[in-house]
Amino acid sequence: MFKSILVATALLWAVCAYSQKFTITGRVQDVQQDEALAGATVELENTSQFAITNDDGIFRIEGVPAGNYTVVVRFLGYTPKKEEISLPRDTELNINLEASATITEEVVVYATRANDKTPTTFTHVNKDAIQKQNFGQDIPMLLNWTPSMVTTSDAGAGIGYTGLRIRGSDASRINVTINGIALNDSESQGVFWVNTPDLASSVQSIQVQRGVGTSTNGAGAFGATVSVQTDVLSRKPYAEGIASFGSFNSQRYTLKAGTGLIKDRWSFDARVSKITSDGYIKRATSDLNSYYLSGGFYGGKTIVKAIMFGGHEQTYQAWYGVDQVTMDADRRFNYSGAIYDDNGNISRFYDREVDDYRQDHYQLHISQQLSAYWNANVSFHYTDGKGYFEQYQQNKSFADLGLPPVAVGGETIESSDVIVRRWLDNDYYGTTFSANYTKDKTNLTIGGAFSKYDNARHFGEIIWAEVAVNAPIRHVYYDGESEKTDFNIYAKWNYAVTERLSTFLDIQYRLVDYKTAGIEDGQIPYAVTDHFDFFNPKIGLSYTVASGSVLYGSYAIANREPNRTDYLEGTEKPKNERLGNLEVGWRKTTSKYGIEANYYLMNYVDQLVLTGAISDVGSPIRANVGRSYRTGIELSGLINFNDKFSWNANLTWSVNKNKNFAVFDENNNATSQNTTIILSPSWIAGSQFTWKPFENFQASLLSKYVGKQYLDNTQNEDVVLDEYFINDLRFSYQFTPKGLDAIQLSALINNVLDVDYSSNGYSYGGVPYFYPQAGINFLIMVAVKL
């Protein structure tokens, strides 16, 4: 299999090595002030070929084949301009841009995203690519084919709780923002996509920066950054209805509508969605509801936009994996909710072993074009989250519930079966801000954020007990409160030293204060107070070898605080982590192909590494391991063979090691070993081969390979997650009946070869546990656009 992947990758590189014919040169300037516009993007529409203007506004695009093209020129704060050209020979253009009367919404995410001048590694996923794959599964499933990505689903079919890992780093180490506002939970630092189901239906674009990336807001990026931008202004009214149906009784219904631009000033958009599924794993049902509302004012050089989105999820718990013996007998078995008889055999399952959570997000964005060179953005946000998970607990000690023994008929009873609800109720609010300056050789961004995680209450209540207890209804048996303040400020500076050489400097200061105190389940008191001051510098260079060909290199230092589980589940107080990240790469883009090669080295000090175990609520348990590292090579490319065939592929080879991990033998004697970091495959490959035999029809073969992964840090060959190679088929056909904009019919056949595989796992007491994924299954989608 490795030979096939390497041969295919070599073929991709070889096919790309051919010459082009003509060159397009020109100058871009402000039409009113007659000044050159440095940093403008000049792109050939519907190709991957572009150039950036230099200090004198000059651009050059080489290797363009003969033909007719649309040249699109963009510069922040100016109205984009299109110009039709024909290429029978080398061509020179002079393009005048007018200052825009309406600032574009990209300014909201501009400060936290990488651009063509940024010497780091990133992948941009546009709206069209997102919607092609959006059958109602969570966003991690939609990003599955991006480089160095591994995704998983607790329910086994992509609906419900899902997760992603990038370069071996789990979700708690991946910074996620929506419109520049942090989505990561302040305490766990993870992202629970199930709380905002069908968010993808209201997304304009997603950028994935691998490694530390550029400065952003929220939790430190130790594996990657995922920047999500929601829908931007649609100037025309629209309405859309989407319905999906598929295996495991999966259903999805979405209604979207927008007013378009009213009187050149106002626009409103709305979406409601409902997704249900029985799940591949038994009883792993999902009942998900979500919404998205926005209203914007677009006047002069100002945008004021209010956004509300959120969801309510109810999922039957499927947090616990299954051991190999159980999986061999029944791959779909689910331990959650099991009730055992006196002989230790399962007699039945509790039907309300569910997770029930509601989360609502409120955002207000104000963007202002200050001049031809300056624009600014300030945003305010508030998130309200509240919910619980319900559990049937057998033979629960009254002492652990904070209750006295119960006397019944002269007998003292010290435990009982109970049903509990374990709650989280929190508020999260704050502001983000940025100012962007672009002129001549300089591109400068100054930004930051302040946020407060407040009134966060963790508590549990008893809603039923088999034995009558001396406690009021909904007795609270544990309780605690948390508070976290997060402030950061950063400056990013791109400077063009010469026409070909650009420098990049990014400096961030971040302050974190965290407090939590109370009594845990089991009546264990806890109190944590911690403070961190982080300085995170980044520096880099990019060099344009030729038009569309860029060499880049950067080095970044990042720091990150422990999460709640690290404090409460660890055997000693956790330390903060420190990372030094080197990225060196080359990317080449032409009208026919694009290719990128990247080398990375991520050196960690006191990395908090998964131990393989999980807590009683499914949270991974971690520990500091001293020094460790991740290093690897990432290759990715896109080639358009002709109008009918295209291929997008990526390949990652990596080494992920704990430098001196303490391994204990049966006599509890420790030896120091260099072991592979848990859940970090050495090989990851993705491929999308697309065939368009005729207009409006498309078929794609989507392939994913993930190598062997260890389920603990001892590199025990008996505790591994086997490699897997899966293939999906996707079909879409669009037609336009009278009176409608379009009807699109799509089908997705997942795991067409019906491979038995698991995408995640953990170990407990040296025994591996797995999360099996569905065999062959399908989803069918109908979208009607008015």
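The values are calculated or read from the model by the stated rules, or taken from the named source; none is laboratory data. Treat the numbers as computed from the prediction; the structure is a model and nothing was measured. Here the Cβ positions follow ideal geometry from the backbone for every residue, glycine too, while neighbour counts run over all protein chains shown. All accessible areas refer to the heavy atoms of the entire protein, side chains included, with ligands and DNA or RNA removed. Shrake-Rupley method; radii C 1.70, N 1.55, O 1.52, S 1.80 Å.
Spatially, the stretch 331-355 and the stretch 446-524 are offset by 33 Å when compared through their Cα centroids.
Which percentage, to the nearest 5, of the DSSP beta bridges contained in the chain is antiparallel? Working shown, then result.
Details: 349 of 361 bridges.
For the chain, the DSSP antiparallel bridge percentage is about 95.
Here's the picture: charge each Lys and Arg Cβ at +1 and each Asp and Glu Cβ at -1 in the chain, and of Ser169, Thr118, Asn777 the one pushed furthest to the positive end of that dipole is Thr118. Computed from point charges on the beta carbon alone (+1 for Lys and Arg, -1 for Asp and Glu), the dipole magnitude for the stretch 396-470 about its Cα centre is near 680 Debye. Only protein atoms count toward the accessible area here, which uses a 1.4 Å probe; on the stretch 733-777, the carbon and sulfur part of that area reaches 55 percent.
Positive contributions from Lys and Arg (+1) and negative ones from Asp and Glu (-1), summed over other residues with Cβ under 13 Å from the Cβ of Phe731, come out at +2.
Evaluating 6.51 cos²θ - 1.76 cosθ + 1.60 at θ = phi - 60° for every residue in the stretch 227-234, the Karplus couplings come out as 9, 10, 10, 7, 3, 9, 4, 9 Hz, glycine and proline recorded as x. What you get for the stretch 453-577, charging only the Cβ of Lys and Arg (+1) and of Asp and Glu (-1), is a dipole of about 660 debye around the Cα centre. Round to the nearest 0.05 the FRET efficiency obtained for Glu520 and Ala99 when R0 = 45 Å and r is the Cβ-Cβ distance. Here the calculated transfer efficiency is 0.15.
Compute the length gained on full extension between Ala597 and Thr259: take 0.36 nm times their separation in residues and subtract their Cα-Cα distance, giving the result in nm to one decimal. Walk me through the intermediate numbers first.
Numbers: separation 338, 0.36 × 338 = 121.68 nm, distance 4.35 nm.
Length difference between fully extended and current span is 117.3 nm.
Of the trypsin sites (Lys or Arg not before Pro) in the stretch 74-169, the ones in a loop by DSSP (not H, G, I, E or B) with at most 14 other beta carbons within 10 Å are Arg89.
Apolar share of the accessible surface for the stretch 385-512: 54 percent from carbon plus sulfur atoms, 1.4 Å probe. Distance between the C-alpha centres of the stretch 740-774 and the stretch 693-725: 10 Å, rounded to the whole angstrom.
Full extension of the segment from Ala699 to Phe268, taken as 0.36 nm per residue of separation minus the current Cα-Cα distance, would add 151.7 nm.
Taking Cα pairs under 8 Å and at least six residues apart, what relative contact order does the stretch 533-606 come out at, in percent?
On the way: 139 pairs, mean separation 20.5, N = 74.
For the stretch 533-606, the relative contact order is 28 percent.
Tell me the chymotrypsin sites (Phe, Trp or Tyr not before Pro) within the stretch 681-786 that lie in a loop according to DSSP and have at most 10 other beta-carbon atoms within 10 Å. Filter output for the stretch 681-786: Phe694.
Pairs of alpha-carbon atoms within less than 8 angstrom and 6+ residues apart define the contacts here; what relative contact order does the chain have, in percent?
Values: 2280 pairs, mean separation 80.3, N = 786.
Here the relative contact order equals 10 percent.
Loop-only check: which chymotrypsin sites (Phe, Trp or Tyr not before Pro) in the stretch 416-451 are DSSP coil with at most 13 other Cβ within 10 angstrom?
Working: sites: Trp423, Tyr428, Tyr429, Phe433, Tyr437, Phe450; in loops: none.
Sites meeting the loop and neighbour criteria: none at all.
Just how far, in whole angstrom, is the stretch 292-308 from the stretch 126-180 if you go by their alpha carbon centroids? One Cα centre to the other: 28 Å. Distance between the 7 Å Cα→Cβ label points at Lys236 and Ile446: 4.2 nm.
Compute the accessible area per residue over the chain, keeping the other protein chains in place, probe 1.4 Å, unit Å². Walk me through the intermediate numbers first.
Values: 31870 Å² over 786 residues.
Per residue, the chain has 41 Å² of solvent-accessible surface.
Is there a quick way to get the dipole size of the chain? I mean about its Cα centre, with the Cβ of Lys and Arg at +1 and of Asp and Glu at -1; what is the value in debye to the nearest 20? So the magnitude is around 2680 debye.
Suppose the chain between Val545 and Asn343 were pulled fully straight at 0.36 nm per residue; how much longer would it get relative to their current alpha carbon spacing?
Numbers: separation 202, 0.36 × 202 = 72.72 nm, distance 7.30 nm.
Roughly 65.4 nm would be gained on extension.
Phe297 sits among other residues whose Cβ lies under 15 Å from its own Cβ, and their net charge, with Lys and Arg +1 and Asp and Glu -1, is +2.
Can you give the accessible area of His531, probe radius 1.4 Å, in Å² rounded to 10? Answer for His531: close to 90 Å² accessible. Taking Cα atoms only, the orientation of helix 2-16 departs from the longest principal axis of the chain by about 20 degrees.
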